[in-house]
1. For the chain, what is the calculated [θ] at 222 nm in deg cm²/dmol (nearest 500), taking -39500 (n - 2.57) for each run of four or more DSSP H residues and dividing by its residue count?
2. Report the net charge of residues surrounding Ala173, where surrounding means a beta-carbon distance below 12 angstrom and charges are Lys +1, Arg +1, Asp -1, Glu -1.
3. Tell me the label only: which of (1) 1.03; (2) 1.34; (3) 1.16 is Cα Rg over 2.2 N^0.38 Å as calculated from this structure?
4. At 7 Å along the Cα-to-beta-carbon direction for both Trp72 and Glu110, put a label point, then send me their distance in nm to one decimal.
5. If I model a spin label at Arg131 and His181 as a point 7 Å from the Cα along the Cα→Cβ vector, what separation in nanometres do I get?
6. Pull up the DSSP beta bridges for the chain and report the antiparallel fraction as a percent, rounded to 5.
7. For the stretch 62-69, take each phi angle, set θ = phi - 60°, evaluate the Karplus expression 6.51 cos²θ - 1.76 cosθ + 1.60, and give the result in whole Hz per residue in order, putting x for glycine and proline.
8. At a Cα cut-off below 15 Å, give the aspartates and glutamates reachable from Lys154, other chains included and same-chain residues fewer than 8 away excluded.
Amino acid sequence: MADAIYVIDDDLDLAQSLARLFGRHGLEAHAFADPAGLPSVQRGGEGGLCIVTDIMLGDDNGFDVAQSIRAWAPSAAVLFMTAWPHTADAVDAIRRHGGIDYLEKPIDEERLLRSVSEGLAWSRERTLAARAIERLSAREREVLGLVADGKSSKAIANVLGLSLKTVEDHRAAIRAKTGAHLLEDYVRLGRALPINLGDK
């Protein structure tokens, strides 16, 4: 399925303008004034999904929207935009709420297009990794996460209270199910493991 972009702003004219901008660059984009409409258009497939949301949304805010999006689209990339930029908000957006970028209004179109392109690529990679992880058992996911953190098989055995052979068997199963061989493969898959964004 093709990539898609959802633009959320209580100024619907602005949201539609940005959607048209994406459309002119060959990207599928939809505009929303209310984030409540998003779950009705959630998608399947392996295409990337990028959410571009204003921080101030009437009674809602973009940070809360980002949290709710993770419930039904954990592989979506999120970009925040605002007319009232604050450094603290920018740091919060990126670190705590899983944002890809933080854009100030009026929007720099070149930066927006570049950030959305990066976000869609990130989303596609995370979607594929999540599909691979679905094939793993709960214990294999634990081992995957520890390998991604740089721990050796011996260290993992100590952490999980397993024999070294059992850990190696789990790693062999992970390789067979996901194709992961190098540490960078484990790190890439590890990024798609379920996380609590509030703890970041």
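1. -15500 deg cm²/dmol
2. +3
3. (3)
4. Roughly 3.7 nm, to one decimal.
5. 2.1
6. Rounded to the nearest five, the antiparallel share is 10 percent.
7. x, 5, 5, 4, 4, 5, 5, 4
8. Qualifying aspartates and glutamates at Cα under 15 Å: Glu142, Glu168, Asp169.
Every number in this text was worked out from the coordinates using simple rules, so none of it is lab data. Nothing here was measured: the structure is a model prediction, and the numbers come from that model. Glycine also receives a Cβ, built like all others from the backbone with ideal geometry; neighbour counts cover every protein chain displayed.
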